[in-house]
1. Suppose R0 equals 35 Å. What FRET efficiency, 1/(1 + (r/R0)^6) with r the Cβ-Cβ distance, do E684 and L894 give to the nearest 0.05?
2. Under the 0.36 nm per residue contour assumption, what length would be gained going from the current alpha-carbon distance of K905 and Q523 to full extension?
3. For E949, list long-range residues whose amide hydrogen, built 1.01 Å from N in the peptide plane, is under 5 Å from its own amide hydrogen.
4. Can you give me the accessible area per residue for segment 549-640, using a 1.4 Å probe, in Å²?
5. Checking a compactness column here: for segment 785-904, what do you get for Rg(Cα) / (2.2 N^0.38 Å), N being the number of residues?
6. Would you kindly state how much longer the chain becomes between L632 and S329 on full extension, computed as 0.36 nm times their sequence separation minus their alpha carbon distance, in nm to one decimal?
7. Determine, from the Cβ-Cβ distance of H366 and V503 and an R0 of 45 Å, the FRET efficiency 1/(1 + (r/R0)^6), rounded to the nearest 0.05.
8. Mind listing the phi-derived Karplus ³J(HN,Hα) values for segment 515-531, rounded to whole Hz, using 6.51, -1.76 and 1.60 with θ = phi - 60°, and x for any glycine or proline?
Amino acid sequence: MRDGQSEGKSGAHSYRTSNQNPLNRKGNLPAEKSDKRMTLPSRFQKEVQAHLSRNPQQSSSPQNLNESLGIGKGKPYNPQQVQGRIREILGKYSNGFWVSKLPQIYRELYKQDLPTEAIKDLETWTNICTVEKTCSSNPSELLLYPAKEQTTKSSPSSILKSNPSAAPVVTLNPTEKPLHSPAQQRPPNTNLTRSGSCSPQSPLSSSSSPSPPSSPATLSPDLKLKLEELLVKYSNGLWAHALPKLFQDTYKTKLPGHVLENLHLLSDICTIDYPMPENPKRAILYRKSSTSGGGEDENRNRRNSSTSEEELRVRQELGRRLSNQAVPSLHIPKEEYPSVLVVEATNTNGVVLRYIGEDYSKAQEHMEDEMREFYGLEQSGPAPLSSPSSGQLVAVKTEEEEEILRAQVCEVMADKVKVYYVDHGFSEVVSKTKVFELHEKFFKLPFQATKCKLAGLEPFCQEVAVLKKFETMASGRILLAEILERGQTPLVVLYDTSQDDDVNINAACMKVLQDKTLASPLQVNSAYMNVTVSSVCSDGTIYCQLPSRGLVKLNEILGNIESYFHSQVTSEFLVSRPFCGKGCLARYKGKWSRVEITNLHGSRVLDIMFTDVGVQASVEVFELREIPPRFLHDLIAIPPQAVKCCLANLAVSVGSWTPDAVQWLREKVLNTTDCSMKVAKVDETKCCIYVHLFTDKNFHDPAHSLNQQMALSDLFKQQPDVFLTSHSPAKISTPTLSSKTSRNSDSTNGSPTSTSVLPKPHLRRALSGPKSGGGVNTTTTGPLETPSSPSSSLQLPPLLGLPSAGNNIDVYVSVACHPGHFVLQPWRDMYKLVVLMGEMILYYNKTEDKPVNIEKNQIYAAKIENNWHRVLVKGVLTNGLVSVYELDYGKHELISCTQLRPLIKEFRQLPFQGITAQLAGVKQRQWSEEASIVFRNHVEKKPLVAQLEAIQEASNPWDRKLTVFLVDTSQEERDIWVHDIMAEFADELTNEL
């Protein structure tokens, strides 16, 4: 499933600011807040015991977690960015406005304060704006207009959107984050806002580079139309650097060169964001919403799930036959990965299911318990309905007379009635004596049986083989549903998480369409010639292509697709909705080849497997193409032509190969087109073939095999303690973004894992600092010098900008040990971290493995669970392992030294996002295990509001520490101050002693 934090501009949220500061209680002692005290003993006892029973491995707090990331001072503002933003504002307010209003507009749009220096520089930016003095006696009253040569057609009324209707992922997820993954559930969705914040899913800051005087003033309508058509396909944003190739591939003509140099010319069709301020050439383009009422829906995952007017009218008509109250519509759960009970499917475009959860299955059980009491089984109960009519909502006693269920009359017969159980999703013929009038109080719960559509199976929705496979794997089971698109019938991917490895139900149903006669024929003790070894993975797994009917047919179809794409001028084949298990096309050695998406790092970067060569890679979504419908059925019928193999009779198992052994085998076979192999064993459980491999046709003599040569060599003895091991697939144990993933051809094979997908904070009211306190201080000083070391020639990133003490900041708690140590991530710029990690994946997954001189207290890039992180080396062990600290997430990891790479300058621009903190308002102490569990349950993996109490300076960013109050504002009724809970918990423990 999806990995990585949900990212980008996929859902445009704006945030209201308030001049009031509701978080002004930092000076109050817990005892003074008796109105918010809670009855703690039984609740805490139950909470701790439940947590310990679920997580026995967390019986003690993590150790050695005293590193922190600090806060820094500001740096001079970026004139180019500010000019671009002012240009965009003036594009909307073409009739001008008072300069005194500019800071307010700027803050509302970009969630940052307008630098004071920029106001002073306005008069010098004649290519951006014109400043005019009025006739007023007050010389400070100035008017701001667009530059005289600038023309705009935008409506001023569209510039301010107080609260666009959008909802969070997961993604994500954000991302996410995604995105991505630590077991976390997205918070409830509310239409509430938080001041001074910008979600990682919704980067609202956009800017444009000023155009040179000689550049074209406008773009042709046809060119804009084509560019907008491309942006429609990528609602989560498109990197500007991808435009030339994408434009060339789609429209068979070159993109005019001046477009990338003058991105502001696109400001009327897209929003331009610079997630890497130090690199203005790295811009993301987001198509502007066609409506002024709100932004784009995030990943299309948060569309209005209400039913259509027609369906609502029908439901009201049915409901009012016996009641003046209509049954409300069923809303899709807000989490991206809800649990579902699959009822049945006669069509994969209409799978009947029920959602599992507190507001769904639990509420249904509660209602049916009430119905049992209300209707009862005694003679005193209500009398049966005398004349039921078709379409009527009724209560039905089941044949066993153990349940009373809601139903809708489908057909009325002589003495029987056919009913459809609206909460259970199936029909039954019952006696009229078992049908009763449905009381009004049972109209309140939405019908629980609903339908979904299985992604990727739309063209095969009624294939008998597909439906049989689905029946076997899914019917009657509780599964996890990844919601890709919300609507009346949501688009989903279903996962069975009951086994050691998660099973993608959609992908498994697709595989039954393969024609087994087109697969490579393999039998034990049989020899095969003209074998091509297409991939050697770092764990020792190899992929081979064997001559077969399927391979011949595959090459023929792919050749036809190549010609077809050359003849088409359309954007319809761009992949706009990627998901794990999806089959599509990507370039391999200059030609279109079949791929399967194995993992998503947010919405733009993903991992793929070239299914016919066994090569794994990380690419950007714009590099993918849909399989044209005319070729789809024939291409799906051909099984993957890459056969997964392992070398037989080696003392070292797969997953424990040294880098030298992997490199030796690659040099022997990857450039050879005439290998031979003999099958020794077929392992059905692992889908792997054990073979003896030869570089010639002398397969009769095992002594000439590469297996024998490796067994007799010292390849596995040079570094016995340093192995590249593959991890077991990560399970999706909760509704999160734990994703199926594969590495590229130079990495361990098939190592599914995940990255955090950050939930979006939702606030009951806007939270801001006091009137006298400005917004978040984003200016920072110049970069610090790195620790002295012969190898440290690059500077550290700038320090993280934070507001002054007493102000509030939106945060995400990535790690929580106890109230004395947890790690915060500022929410506003979190989407930039998602973008950075995506760039690191693309860069390092395409970089050859090279030895790195590892030194303690130095900064590196590290591959941790298939994602690249910025880390600080804490210690180098003698067995080849390295202790590292994730500078953006605050986690400690133990990894192989082979997983480290130099952190290049491009990835040192964004400030480290993780910063350690301690809770204010409570006396610091040695916190008990129970107290730590309670604290973690309330804050970890959650978006909160932090009120800064103090900032502890340090020489290194990771050694600095904050003291903060934490406030959970996700509940409608009240804000929850975490220090209140912990203080009361401590008091309870003291009283017990």
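The values are calculated or read from the model by the stated rules, or taken from the named source; none is laboratory data. Note that the coordinates shown come from a computational prediction; the quantities given were computed from them, not determined experimentally. Here the Cβ is made from the backbone with ideal geometry for all residues, glycine too, and neighbour counts use every protein chain on show. Quick note on the areas: whole protein, heavy atoms, side chains included, nothing else; ligands and nucleic acids left out. Shrake-Rupley method; radii C 1.70, N 1.55, O 1.52, S 1.80 Å.
1. 0.50
2. On the way: separation 382, 0.36 × 382 = 137.52 nm, distance 5.24 nm.
Fully extending the segment from K905 to Q523 adds 132.3 nm.
3. When sequence neighbours closer than 5 places are left aside, the close amide H contacts are G806, T963, V964, F965.
4. On the way: 3300 Å² over 92 residues.
Heavy-atom accessible area per residue stands at 36 Å².
5. This ratio for segment 785-904 stands at 1.14.
6. That works out to 105.4 nm of additional length.
7. Numbers: r = 32 Å, r/R0 = 0.71.
Computed FRET efficiency for H366 and V503 comes out at 0.90.
8. Computed from phi, the couplings for segment 515-531 are 8, 5, 5, 9, 7, 6, x, 10, 9, 4, 6, 8, 10, 9, 10, 6, 8 Hz.
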